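Notes to accompany the following structure.
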């Protein structure tokens, strides 16, 4: 690619991003009581929030439904074409319907509007035209109009779908706030993910507790090397009886070998141990262990009981499996 072409590519990309960024700024300024009414309607609904849309709006609708469902608002996507051929039975009288159509004139959407009304469902529309048929036949209308598409032909849905996506996200996070949806709630709905694991599981669930590499303060260098190699944790814990004195890492040993050389084999564990090592309780969540390691720029924590006795070791690798 020539330098000229490279610059053209970057210019077009920056223009697209700028166009969409401006549209989101406009969207922010236009938010009004209609948005509040939409949130209130979904929050008050006794059923699910059913999202529907065709084409690109349908793809955005699928994402909105998934986001709502994963953040505490029961929701699913209903294809309007399938709905008109029998799937309307999936809509119960307690449901709220969120219909996406940027033009507000999508035939497949308009065909199911009469059923939504006769079924007694609250209809929220999201369009770029407040004078459209869909907007005028909705209980609540969310305006996602944009000045222009980011597409160089101003034809392909780009800025408009970004506006729809952002409005859907705004609905989801507003509902999360009003529901008091917490990180623990999120983890319950994502138990198979990494975040769910860190939020739900405790340090005691994953810590190393068998054959811990413990040595006395007087442990000589040769024994420290043997113990740290055998332990497989990259550290040894220095204890005076039940009292934790400190820890020695493989890095500590290497540095001692480099800087003390001739006297290295005469040192004891207490001579190079890091005093007052960071600890954590076994009942703490993995997310708290991760935060403590990140804040202190370390990769291991000693796990202690209420009496400050060693019961285990947890490492960052145990959390990020």
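No value in this document is a laboratory result; all are computed from the given coordinates. Only a predicted model underlies this, so the values are computations on that prediction, with no experimental measurement involved.
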Q) Relative to the first principal axis of the alpha-carbon coordinates of the chain, what is the inclination of helix 33-44, with its axis defined by its Cα atoms, in degrees from 0 to 90 and to the nearest 10? A) 70 degrees
**Q.** Degrees, to the nearest 10: 3-30 long Cα axis against longest axis of the chain
**A.** 70 degrees
Q: For P(r) over Cα pairs in 10 Å bins from 0, in percent, several values are listed as [x] 5, 20, 19, 14, 13, 13, 11, 5, 1, 0; [y] 5, 22, 25, 18, 14, 10, 5, 1, 0; [z] 5, 17, 20, 21, 16, 11, 7, 3, 1, 0; flag the one computed from this structure.
A: [x]
Q. So what is the calculated 222 nm ellipticity per residue for the chain, using -39500 (n - 2.57) for each DSSP H run with n of 4 or more, over all residues, to the nearest 500 deg cm²/dmol?
A. -14500 deg cm²/dmol
Q. Percent antiparallel among DSSP beta bridges with both residues in the chain, to the nearest 5?
A. 45 percent
Q: Output the relative contact order of the range 203-319, whole-number percent, from Cα pairs under 8 angstrom with separation of 6+ residues.
A: 31 percent
Q: Rounded to the nearest 10 degrees, what's the angle between the helix 250-260 long axis and the longest principal axis of the chain, both from Cα atoms, 0 to 90?
A: 50 degrees
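Can you give the relative contact order of the chain as a percent, counting alpha carbon pairs under 8 Å and 6+ residues apart?
13 percent
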